[in-house]
1. How much accessible surface does GLU6 have with a 1.4 Å probe, in Å² rounded to 10?
2. Could you order PHE67, PHE103 so the one with the most accessible surface comes first? Probe is 1.4 Å.
3. Determine how large the accessible area of THR101 is when every protein chain is in place; take a 1.4 Å probe and give Å² rounded to the nearest 10.
4. Please give the solvent-accessible surface of LEU11 in Å², to the nearest 10, using a probe radius of 1.4 Å with every protein chain present.
5. What lysines sit close enough to LYS86 to cross-link, taking a C-alpha to C-alpha distance under 23 Å and skipping anything fewer than 8 places away on the same chain?
6. With all protein chains present, how much of the accessible area of region 15-109 (probe radius 1.4 Å) comes from carbon and sulfur, to the nearest whole percent?
7. If you roll a 1.4 Å probe over the heavy atoms of the protein chains, what accessible area per residue do you get for the chain, in Å²?
8. Using heavy-atom solvent-accessible surface (probe 1.4 Å) with all chains present, what is the largest-first order of LYS64, LYS86?
Amino acid sequence: QVHLVESGGGLVQPGGSLRLSCAASGSIIGIETMGWYRQAPGEQREWVASITRSDVTNYKDSVKGRFTISRDSAKNTVSLQMNSLKPEDMALYYCNANVRTMFGSMTLSTDYWGQGTQVTVSS
């Protein structure tokens, strides 16, 4: 069993900063891509940023230059530094990880999700 736990959400004024963190735990052999998604009320969940095992990063256009994703592969953690936050960034943010585990003699690759952490941007 694998668990992802996010932290770091909260209330911030427009222009402010927050740092989200996510820690994966369980019977993990390795983690390929880790990423962040978000879902605003009444909207579909959308991808925000991702980072590969080789530390290659990708970002949604609207967050480029403002958000930075990073990971510590030794600790199975991923973070999202969010600067210059805007009201449209307000959402429930989810951590995602593609995790390799053992099932008997087989290696499985499975996507896991955290429970979400709320980011509120308001004056």
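The values are calculated or read from the model by the stated rules, or taken from the named source; none is laboratory data. Just so we're clear, the structure is a prediction, and the values are computed from it rather than from any experiment. A quick note on method: Cβ atoms are made from the backbone with ideal geometry, for glycine too, and the neighbour counts reach across all protein chains shown. The accessibility values were calculated without ligands, DNA or RNA, using every heavy atom of the protein model including side chains. Shrake-Rupley method; radii C 1.70, N 1.55, O 1.52, S 1.80 Å.
1. So the heavy atoms of GLU6 present about 10 Å² to solvent.
2. So the residues, ranked largest to smallest area, are PHE103, PHE67.
3. Around 20 Å² of this residue is reachable by solvent.
4. LEU11 exposes around 130 Å² with every protein chain in place.
5. LYS60, LYS64
6. Percent of accessible area from carbon and sulfur atoms in region 15-109: 49.
7. Per residue, the chain has an accessible area of 53 Å².
8. Per-residue accessible area, sorted high to low, gives LYS64, LYS86.
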